[in-house]
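Heads up: the structure comes next, in structure tokens.
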Amino acid sequence: MKPKIWLSSPHMSGAEQTYIKEAFDTNWVAPLGPNVNGFEQDIKSYLNQDRHVAALASGTSALHLSLILLGVSHGDEVICQSKTFSASANPIVYQGAKPIFVDSERDTWNMCPNQLEIAITDRLKKGKKPKAIIAVHLYGMPYKVEEINEIALKYDIPIIEDSAESLGSLYKGQNCGTFGDLSILSFNGNKIITTSGGGALVTKTEEQKQEAVFLATQARDNAPHYEHSQIGYNYRMSNIVAGIGRGQMTILDSHVSKRRSNYEFYKSNLAKIDIIKFLEEPIGYFSNRWLSCILLDSFETREKLRLALEKENIESRPLWKPMHLQPVFKDAPSYCNGVADDLFQKGLCLPSGSNLTPEQLDRVISTINMYFAG
Ligand SMILES: Cc1ncc(COP(=O)(O)O)c(C=O)c1O
């Protein structure tokens, strides 16, 4: 068996150990401490907008807290991009609210502004105004920020920007993670930088950040004993984990460059195979190319190619299966145009890690070439 080539594996800089050691040496082994503050500051500086950052246990917990901050509760409706990972939608259900799924457009594979407006007007007609819109920059490609914002503004609905996959991406020169009323990041093991597990909430005000931190640390009221007037959560990032994050922030831009060069490598080396299509960056878009994805001509080709790669011990994955097709969300209303389903049928994510070697990339290309040569 040839050595495994992973889809997207953690890639340490070497600097992480310094921060972790410091945490041990000073006994800051808790969900607070200098690394937590430092990591938040590092992200804030990187995002380069007037934003506030709360380091949390995961991107999912950041999404959950976003919904709570926006007052989403039992019986509310929340619009969510259908083509995404289930973690974008699950927290809606944690709040007892109902997800309303919206399909994608072909230019970025993200939320379709037309379908979004159709969904909003239909929900309004049915007597329910959606409480929030969860829009996702999938695989690092920014969604149509201006179009989505305009609709959200028109109907006065806040946006939760799911930037879990898009740290380092830009839309018209501005960092993803700074476009929502609230935005979230993920540092899960497969992301562009990782803390093994972790996430962050990005807010516009310090008060929102403090409210999130309060809820994330069990909602303890200001009293010498344990006093609670609200339900709290254990969602804060630990000082050890944040130490990994500080080390990772030192190489974020080089990870973006490497992932972008993976994409360019695949594109130029597969150019001869007509049926393979790539998602181009529209003008003004800069994707971190978290995952390099290709589109084939049919489900059959995509699946046979995936199995051919698997036989060579190369991990690849179909594009996200839309949420409106997931058994768990079968009863959720959806506003569809067929794009997300078509992308799911024909799309494949190729190995994309920033630690892939030239030899590994060559192995992927020669396996794909061999498959198409029959
Ligand atoms: C689009 C998207 N949203 C949310 C999440 C959840 O992040 P986490 O795994 O840190 O909870 C992920 C990744 O895991 C994701 O890809």
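The values are calculated or read from the model by the stated rules, or taken from the named source; none is laboratory data. Keep in mind that what you see is a predicted model, and the values were worked out from it rather than measured. Methodologically, a virtual Cβ is constructed for each residue, glycine included, from the backbone with ideal geometry; neighbour enumeration extends over all protein chains shown. Accessible surface is based on the protein model in full, side chains and every heavy atom, while ligands, DNA and RNA are left aside. Shrake-Rupley method; radii C 1.70, N 1.55, O 1.52, S 1.80 Å.
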*Of the conditions (1) assigned to a loop (DSSP other than H, G, I, E, B); (2) more than 23 Å from Tyr233 (Cα to Cα); (3) among the aliphatic types (A, V, I, L, M); (4) touching a Phe, Trp or Tyr at 6+ places or on another chain (Cβ under 8 Å), Ala164 fails just one. Which one is it?*
(2)
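Out of Ile79, Ile92, Ile20, which single residue is farther than 30 Å from Ser334 by Cα and out of contact with any His (no Cβ under 7 Å at 6 or more places or on another chain)? Full working, then the answer.
On the way: Ile79 fails: farther than 30 Å from Ser334 by Cα; Ile92 fails: farther than 30 Å from Ser334 by Cα.
From the options Ile79, Ile92, Ile20, the qualifying one is Ile20.
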_Positions within region 344-363 being over 25 Å from the mean Cα position of the chain (by Cα), within 16 Å of Arg259 (Cα to Cα) and in contact (Cβ under 8 Å) with a residue 40 or more places away in the chain, in sequence order_ = Gln360
_Selected residue (criterion: surrounded by the fewest Cβ atoms within 10 Å (Cβ to Cβ)) from residues of region 175-232 that are among the charged types (D, E, K, R), more than 16 Å from the ligand (Cβ to nearest atom) and in contact (Cβ under 8 Å) with a residue 60 or more places away in the chain_ = Glu206
*Test for Leu7: is it farther than 30 Å from Leu279 by Cα, within 19 Å of the chain's Cα centre (by Cα) and not small (Gly, Ala, Ser)*: no
*Would region 61-83 turn up any residue that is open to solvent by 30 Å² or more (accessible area, probe 1.4 Å), of a type in the set (Gly, Ala, Ser), at pLDDT 95 or above and within 12 Å of the ligand (Cβ to nearest atom)?*
no
*Pull up region 322-343, narrow it to residues that are surrounded by fewer than 18 Cβ atoms within 10 Å (Cβ to Cβ) and assigned to a loop (DSSP other than H, G, I, E, B), then point me to the one that is farthest from the chain's Cα centre (by Cα).*
Asp331
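Quick one: in region 152-174, of everything that is of a type in the set (Gly, Ala, Ser) and more than 11 Å from the ligand (Cβ to nearest atom), which residue is most open to solvent (accessible area, probe 1.4 Å)?
Applying the filter and picking the extreme gives Gly173.
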*asked:* For region 8-72, give me every one of the helices (runs of 4 or more DSSP H) that falls completely inside it and has 2 or more residues that are within 30 Å of Val93 (Cβ to Cβ) and touching a residue at least 60 places away in the same chain (Cβ under 8 Å).
replied: 34-47, 59-69
